[in-house]
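Encoded as structure tokens, the structure appears first; notes follow it.
The values are calculated or read from the model by the stated rules, or taken from the named source; none is laboratory data. Fair warning: this is a prediction, and the values are worked out from it, not measured in the lab. Don't worry about glycine lacking a Cβ; one is built from the backbone with ideal geometry, like all the others, and counts go over all protein chains shown. Surface accessibility is based on the protein's heavy atoms, side chains included, excluding ligands, DNA and RNA. Shrake-Rupley method; radii C 1.70, N 1.55, O 1.52, S 1.80 Å.
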Amino acid sequence: LDGVTYAHSEGVIHRDLKPENILLDSAGNIAITDFGLGRYLDSDSTRKTYSGEFLGTPYYMAPEQISDAKNADHRSDIYALGRILYELYTGDPPAAQQDLAKLDSGIRHLVAKDTKHDPKDRFQNIKDFKRDFELIASGTAAKRMQDDVRKALSDIVETDTPTKKQIKALQEALLPHKDDKDLTHEVFMGLPSKAFAVFHRGY
């Protein structure tokens, strides 16, 4: 995460992040290698990329990168990091489908958000991803994530007619806590009748 944060801060996206390109030396230092497919965000490319060209390693490639490599931006690297994180925490070999149930709630939240199909639904920058990962790793993320659920519920309660966007925000906030019966009970007991049916169908 530090390495990708630095690359992005310099305006460079990697476009081929995968375990094989992340090396560990005898002193325990981690290095990201093989920027052969990398390009600067503020230029067309450090190497020519033609429309529809297929560049990268399929399992770790974001959907927009598979359809057209020119569409890849820093959020495509974030997608790849989500795939790597899943593999790191589960030990599963690369596969098209991820079984998020194998992950603890905090890491599940990160992987699920990182690997959203639409780039707009992922972390929008590596710094936010790194911040949340550090919170989870330090054990302080659980309360913060529960607070996100309560905030999303509060937004719905304060609205006479909840919007689909508000319902979706609550669904996504609660998803990492599906096994937390107390929190789930708190949400359903506090959910207005107008929102309950819509929420229940989606959840």
Take the range 162-182 and flag every residue that is surrounded by 14 or more Cβ atoms within 10 Å (Cβ to Cβ) and either at pLDDT 85 or above or assigned to a helix (DSSP H, G or I) (or both). Gln166, Ile167, Lys168, Ala169, Leu170, Gln171, Glu172, Ala173, Leu174, Leu175, Pro176, His177
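Kindly indicate the residue of the range 93-138 that is in a loop (DSSP other than H, G, I, E, B) and open to solvent by less than 60 Å² (accessible area, probe 1.4 Å) and also modelled with the lowest pLDDT among those meeting that condition.
Of the range 93-138, the ones in a loop (DSSP other than H, G, I, E, B) are 93-99, 103-104, 115-118, 122-125, 138.
Now drop any that are not open to solvent by less than 60 Å² (accessible area, probe 1.4 Å), which leaves 95, 98, 103, 115, 118, 122-123, 125.
Details: Ala95: 78, Gln98: 88, Leu103: 87, Thr115: 94, Asp118: 93, Arg122: 95, Phe123: 94, Asn125: 94.
Ranking the qualifying residues of the range 93-138, first place goes to Ala95.
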Checked the range 13-35 for anything part of a strand (DSSP E or B) and either of a type outside the set (Gly, Ala, Ser) or surrounded by 12 or more Cβ atoms within 10 Å (Cβ to Cβ) (or both); matches are Ile13, Ile22, Leu23, Leu24, Ile30, Ile32
